[in-house]
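Step one of this worksheet: look at the structure below.
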Amino acid sequence: MYKPVDNRNAISIDEARKIIVDNIDSVKLTTEKIAATAANHRIIAEDVTAPHDFPTFRRSGYDGFAMLQSDLTNLPADLKVVGDIPAGADFDRPLVSGEAVRIMTGGYVPDGADIVVMLETTRMIDKDTVQITEIQKKDNITQIGDYFKKGDTLLAKDTEINPGGISLLSAFDVQEISVYKKPTIGIITTGSELLNPGEKIVNGKIFNSNGPMIRDLCKENGADVISYTQIKDDPAALKSAVNDLLGKCDVIITDGGVSVGDFDIIADLAKSSEKLLFNKLEMRPGSVTTAFIYNGTLFFGLSGNPGACFTGFYLYVEYALRLMQHQASRCIECTGTLNAEYTKTNMYDRILRGQYKFVGDHIEIGRVGGDASGNLNNLQRATCMFEIPRGKSITSKDSRLRTWLLPFK
Ligand SMILES: Nc1nc2c(c(=O)[nH]1)N[C@H]1C(S)=C(S)[C@@H](COP(=O)(O)OP(=O)(O)OC[C@H]3O[C@@H](n4cnc5c(N)ncnc54)[C@H](O)[C@@H]3O)O[C@H]1N2
Ligand code: MOO
């Protein structure tokens, strides 16, 4: 018994992404408080402002001597060294005319002092007297609040924190912050041909290579993969795997079974969903990449072909995962210059896996490995993807093509 072939409405990459944007609110991430030092690459959910001025005391920018500028009008000037201020030390009285204190970089500049003279432009003429011979251009003092005033924004809401931000939070002893919870993901790979690791390879069977790739792509895009299952092409098994995940995941990603075959069970699930977002794209590979909302959960049905799975993830799932975390895609869209003629043509835009390099003032792009959608020989090596426009003409060398530079590559 064969299924009839369904007619699907093909849309462009940009139309599909617009649909994702319009429906991303179906996933609303709640917030949680976490330790600031554990927040690298998390997205801050509310502004963090400076609890006080920074620096909190007048700070020396150099190792040298602190003194009064008015003592330096006639050079050479000999000043009495009345103390030593190593890093971390306080000084218990204001400095007065004729005095200098030895001070270290970052040291507290005592009241009264209004200049720090670098060690290199001083000399000790006896154990307690320092002599300054050169005119000083700068005071070398960082004033209270020079870098931040109390109430200034340290990190704005929706910022992705990086180690620089962690440093900022630490500088102000902000120990806990509010961040968006990571999107929770359930992955279901489908296919009766899929072996489990360690099983014997026989005709018709393959190891599941897309599942582990999707799992790590999700993780590197800030998501929490809370479930990972491999099922046969069996509608009952799919239903049960989906039911187990509903309500627990923000997004469910399936792989395989989205085409028009008799066992394309995801295609059937998509049809029974409350909202089909798309199930045919004017691109290859990955033309059957599907997205839909089923029982309130956002689903992405990636193609089983490894090249199509890879392409579909970067163009749509990465885009959506970043969007739900209030971030732009990390795939940098730019124009690349093709390094060799490409002769294949197609009725749909073809997205090739490639490599790029910066050459002078442009980005040179070229194919890497095979272009068949089932070919996985370039998944590791591809550092970019680029678009061969649809149509009947050959794409010549030096064509300028829409390109996406891939993150973490
Ligand atoms: N009559 C038609 N047949 C096909 C069409 C079509 O339009 N009409 N489209 C072709 C295109 S294009 C693609 S792409 C595939 C899409 O197929 P599915 O996404 O439904 O995926 P499957 O049929 O399940 O598998 C395709 C291919 O990928 C292998 N696979 C599946 N899962 C994995 C995995 N986890 N790891 C590695 N490889 C996997 C699977 O064994 C197949 O070889 O449909 C074409 N057919
Ligand atoms: O979706 Mo298929 O990957 O277009 O070749």
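The values are calculated or read from the model by the stated rules, or taken from the named source; none is laboratory data. In this text the structure is predicted, and so the values were computed from the model without any measurement. Reconstructed Cβ throughout: ideal geometry from the backbone, glycine too, with neighbour counts over all protein chains shown.
Which ones in region 29-68 are basic (Lys, Arg), over 19 Å from the mean Cα position of the chain (by Cα) and over 30 Å from Asp114 (Cβ atoms)?
If the condition is that a residue be basic (Lys, Arg), over 19 Å from the mean Cα position of the chain (by Cα) and over 30 Å from Asp114 (Cβ atoms), then Lys33 is the only one that fits.
Given the conditions (1) within 16 Å of ligand 2 (Cβ to nearest atom); (2) farther than 23 Å from Pro407 by Cα; (3) among the acidic types (Asp, Glu), which single one is not true for Asp268?
Of everything listed in (1) within 16 Å of ligand 2 (Cβ to nearest atom); (2) farther than 23 Å from Pro407 by Cα; (3) among the acidic types (Asp, Glu), Asp268 misses just condition (1).
Could you figure out which of (1) buried (at least 22 other Cβ atoms within 10 Å of the Cβ); (2) within 21 Å of the chain's Cα centre (by Cα) isn't true of Ser303?
Evaluating Ser303 over (1) buried (at least 22 other Cβ atoms within 10 Å of the Cβ); (2) within 21 Å of the chain's Cα centre (by Cα) leaves (2) as the failure.
Restricting attention to region 188-224, and to residues there that are β-branched (Val, Ile, Thr) and over 21 Å from the mean Cα position of the chain (by Cα), which single residue is farthest from Leu323 (Cα to Cα)?
Val202
What number goes with the only condition from (1) without any contact (Cβ under 8 Å) to a residue 60 or more places away in the chain; (2) crowded, with 16+ Cβ neighbours inside 10 Å that Ala87 does not pass?
The failed condition is (2).
Within region 284-292, is there a residue that is surrounded by fewer than 19 Cβ atoms within 10 Å (Cβ to Cβ) and over 16 Å from Ile231 (Cβ atoms)?
Within region 284-292 (the criterion being surrounded by fewer than 19 Cβ atoms within 10 Å (Cβ to Cβ) and over 16 Å from Ile231 (Cβ atoms)), the answer is no, since none of the residues qualifies.
What's the total number of residues in region 307-346 that are more than 16 Å from ligand 2 (Cβ to nearest atom), of a type in the set (Ser, Thr, Tyr) and part of a loop (DSSP other than H, G, I, E, B)?
Going through region 307-346 one residue at a time, the tally reaches 2.
Quick one: which strands (runs of 3 or more DSSP E) lie wholly within region 127-218 and hold at least 3 residues that are closer than 30 Å to Gly64 by Cβ and not charged (D, E, K, R)?
129-132
Every residue, every condition in (1) closer than 30 Å to Ala39 by Cβ; (2) within 12 Å of ligand 1 (Cβ to nearest atom); (3) of a type in the set (S, T, N, Q), yes or no:
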{"site": "Gly307", "(1), (2), (3)": "no, yes, no"}
{"site": "Val317", "(1), (2), (3)": "yes, no, no"}
{"site": "Arg322", "(1), (2), (3)": "yes, no, no"}
{"site": "Gln325", "(1), (2), (3)": "yes, no, yes"}
{"site": "Arg367", "(1), (2), (3)": "no, no, no"}
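Which of the residues belonging to region 159-213 are within 15 Å of ligand 1 (Cβ to nearest atom), of a type in the set (S, T, N, Q) and in contact (Cβ under 8 Å) with a residue 40 or more places away in the chain?
Listed by number, the residues that qualify are Thr189, Thr190, Ser192, Ser209, Asn210.
Inside region 329-351, can you point out the residues that are over 23 Å from the mean Cα position of the chain (by Cα) and of a type in the set (A, V, I, L, M, F, W, C)?
Residues satisfying the conditions are Leu338, Ala340, Met347.
Out of curiosity, is Ile266 closer than 19 Å to Phe313 by Cα and modelled with pLDDT under 95?
yes
Looking at Phe310, Phe292 in this structure, which one is more than 21 Å from Val368 (Cα to Cα) and not assigned by TED's automatic domain parsing to the domain that holds Leu376?
Among Phe310, Phe292, only Phe292 is more than 21 Å from Val368 (Cα to Cα) and not assigned by TED's automatic domain parsing to the domain that holds Leu376.
Among Asp111, Asp90, Asp84, Asp78, which is farther than 30 Å from Gln175 by Cα and outside any strand (DSSP E or B)?
Asp111
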